[in-house]
């Protein structure tokens, strides 16, 4: 088991890495890190002494004064090196630099300088160091107007704002889940490389990203249809988009029933993508689920009985409660990285229809159990 600490564990990439490592507790022990440690030598020394691996993600991306960005990122690297020297610790250091290293801006220069500071320590201490040069990262829970244009567009579209394209450039992107997999590979291989370029997984123009997100808004947010998804990039973009919805206000969504002398007819879902449809009955008082997915799109549709559906984002405490009834059939969609369950709170059998966008594969189920 490797003891792994993540500076910036509450940031965009840090949170995803921290949560993903937590899926394999038999392999990785996560050493807690707080931002305040950089201002407390004793706590920072305790932290570096406790780690076999330190993934240094903490840093500043944006500020009104670029000099503040430079000074902050270089200072954080120096603080970390000073703690390593004070304690004589030699963990494998993994540093997240940026593809902007060679650009003429203080952010890129600060990332390169920090990488060289850490690499210099590793050479003198005869320790392992990996300087990962990373392209633009996007994914769920990124901060709008800070982490990426994808986060900004997703936030604006789901909050009734109008996105604007400043420069329709071509972006080289990597999904945060793909980046986490790359970091995990570096951890496992103990890759010792001062400048390790991480390959991008998609090349897309800003206008193409916006067009896809507007399509998701039209088809999914306004009409409830699952849009066409042609590749992994589009799946990752759609899953990112869904995580910017205000789920507390959106769900449950009631179906439209068509009734006549024969009874009622209700359309459950319109799909521009494949998948698997399942049906379940649940006895009174029984709870199903208490698990989450990291890539799957899933819909729960209650058509008979009384149900409580609960959702909680991994790493947070807030629980969302949704009450559904077969008397007014409705559905709730499950965002990725939200553990969820469904409980029969009525006195009769609960009937539920489940749709998920891929066939169940027992060798790669993408299903992780955690109580809501």
Notebook entry, point to check: Full extension from residue 2 to residue 164: what is 0.36 nm times the residue separation minus their Cα-Cα distance, to one decimal in nm?
Noted result: 53.8 nm
Next item on the list: Report Rg/Rh for the range 220-372, rounded to two decimals, where Rg is the Cα radius of gyration and Rh the Kirkwood radius.
Entry: 0.95
Next item on the list: Kindly give the semi-axes, whole Å and largest first, of the ellipsoid equivalent to the range 116-172, taking each as the square root of 5 times a Cα gyration tensor eigenvalue.
Entry: 37, 12, 8
Notebook entry, point to check: Relative contact order for the chain: what is it in percent, counting Cα pairs under 8 Å that are at least 6 residues apart?
Noted result: 12 percent
Note to self: Of the candidates 126, 218, 228, which one comes out as most mobile in a Gaussian network treatment of the chain with C-alpha springs shorter than 10 Å?
What the structure shows: 126
Notebook entry, point to check: Between 96, 207, 124, which gets the highest mean-square fluctuation from a Gaussian network model of the chain, Cα cutoff 10 Å?
Noted result: 124
Note to self: P(r) for the range 1-149, please, calculated from all Cα pair distances in 5 Å bins and given in %.
What the structure shows: 2, 10, 19, 23, 22, 15, 8, 2, 0
Note to self: Give me the mean projected area, in nm² to one decimal, of the convex hull enclosing the Cα positions of the range 1-66.
What the structure shows: 4.8 nm²
Check: In the P(r) worked out for the range 55-108, what percent of Cα pairs fall beyond 13 Å?
Finding: 63 percent
Next item on the list: Considering only 256, 339, 130, give the residue with the highest GNM mean-square fluctuation for the chain, with springs between Cα atoms whenever their separation is below 10 Å.
Entry: 256
Note to self: Taking just the alpha carbons, could you work out the radius of gyration and Dmax for the chain, both in angstroms?
What the structure shows: 23.1, 84
Notebook entry, point to check: Hey, got the Cα dimensions of the range 280-360 along the principal axes, in Å, largest first?
Noted result: 33, 30, 20
Margin query: Please compute the modelled spin-label separation between residue 349 and residue 104, points set 7 Å along Cα→Cβ, answer in nm with one decimal.
Written below: 7.3 nm
Note to self: Over the Cα atoms, compute the radius of gyration (one decimal) and Dmax (the largest Cα-Cα distance, rounded to a whole number) for the range 200-289, in Å.
What the structure shows: 17.2, 58
Check: Quick one: if the Förster radius is 22 Å, what FRET efficiency do residue 253 and residue 207 give, using the C-beta to C-beta distance and rounding to 0.05?
Finding: 0.15
Notebook entry, point to check: Between the range 132-172 and the range 273-321, what's the alpha-carbon centroid distance in Å?
Noted result: 29 Å
Margin query: I'd like to compare 51-57, 115-121: which one has the highest average count of other Cβ atoms within 10 Å, and what's the full order after that?
Written below: 51-57, 115-121
Note to self: What is the angle, in °, between the Cα long axis of helix 66-87 and the longest principal axis of the Cα atoms in the chain? Nearest 10 is fine, range 0 to 90.
What the structure shows: 70 degrees
Notebook entry, point to check: For the range 62-184, what ratio Rg/Rh do Cα atoms give with a Kirkwood hydrodynamic radius?
Noted result: 1.04
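Read-outs: derived from the displayed coordinates by stated rules, not from any lab. All of these numbers come straight from a predicted model, not from anything done at the bench. For neighbour counting, all protein chains shown are included, and Cβ atoms are generated from backbone atoms with ideal geometry for every residue, glycine included.
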